[in-house]
Amino acid sequence: MWRTAGRQSLVAICLLLCMALPATSFATDQIKARADDLKSVYIFNFIRFTEWPENDSGQGDSATTLNILNNDRILEILEAIAAKPAGRQVGLKLQSCKDEACIQGSSVLYIGESEWSGLDPLLKLVDGRPILTISDIPGFAERGGMIEIKYHNEKLTFAVNLQAVERAGLYISAQLLQLGDVVGRKNE
């Protein structure tokens with residue numbers, strides 16, 4: 001009797017666990033999608049609060065060219081943002097990018113987390129150029145990138161490497177700098 005009841009309980013527990021796993025996976029996917037939505041909004045606002053040198057938008061016209069390395073989900077979300085009135089006002093052009101000419105033709109370069117191992121050569125490629133570099137790679141700002149999107153205390157935050165920004169001849173609004181952490185101050 002106990003064996004049958006024990007088996008039935010075990011089967012019931014297994015069924016409950018199996019039913020819960022897809023829901024957990026779905027919940028994780030939803031959290032990741034929301035995080036990508038927030039990252040995309042952050043990226044768009046970083047662009048809005050950055051000024052490039054006179055007559056240098058990366059393409060010789062008034063458009064801001066945002067090239068994205070290895071993150072199709074962020075590209076997709078930013079395309080939707082660029083289609084809205086605020087995105088059209090900024091004149092945002094987007095594309096997925098992998099080759100050197102494309103990277104150097106950027107006004108803004110978002111570097112996906114999968115580029116972690118090749119980050120240093122990428123940063124050398126754009127160093128000193130008026131290209132705003134943004135990534136969610138841990139330690140990105142400390143390694144010479146300009147803006148690192150990161151999680152801190154379960155919230156999305158960012159850090160700005162001020163020396164890298166200044167070396168590129170870019171200006172980031174003080175309003176934006178007040179909202180994030182600043183690394184790479186001249187006295188550091």
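On the accessible surface of region 52-188, probed at 1.4 Å, how many percent belong to carbon and sulfur atoms?
That fraction is 48 percent.
Reported value for region 108-188: 94 Å³ per residue, from the convex hull of its C-alpha atoms.
One chain, two ends: Val182 and Glu76. Fully extended at 0.36 nm per residue, the span grows by 35.3 nm beyond their Cα-Cα distance. Placing one equal scatterer on every Cα of region 55-148 and applying the Debye formula, the log10 ratio I(q)/I(0) at q = 0.14 Å⁻¹ is -0.47.
Other residues whose C-beta falls under 13 angstrom from the C-beta of Ile137 contribute a net charge of -3, scoring Lys and Arg +1 and Asp and Glu -1. Multiplying the residue separation of Ala83 and Thr157 by 0.36 nm and removing their Cα-Cα distance gives an extension gain of 24.1 nm.
Could I have the simple spin-label model distance between Asp37 and Leu125, label points 7 Å from Cα toward Cβ, reported in nm to one decimal? Here the answer is 3.2 nm between the modelled labels. Of the peptides 41-54, 130-143, the ranking by mean beta-carbon count within 10 Å, highest at the top, reads 130-143, 41-54.
Summing +1 for each Lys or Arg and -1 for each Asp or Glu among the other residues whose beta-carbon sits under 15 angstrom from that of Lys98 gives -4.
The values are calculated or read from the model by the stated rules, or taken from the named source; none is laboratory data. A quick note: this is a predicted structure, and the numbers were derived from the prediction, not measured. Note: ideal-geometry Cβ built from the backbone for every residue, glycine included; neighbour counts use all protein chains shown. The protein model used for the area step is the full one, side chains on, heavy atoms only, and it has no ligands, DNA or RNA in it. Shrake-Rupley method; radii C 1.70, N 1.55, O 1.52, S 1.80 Å.
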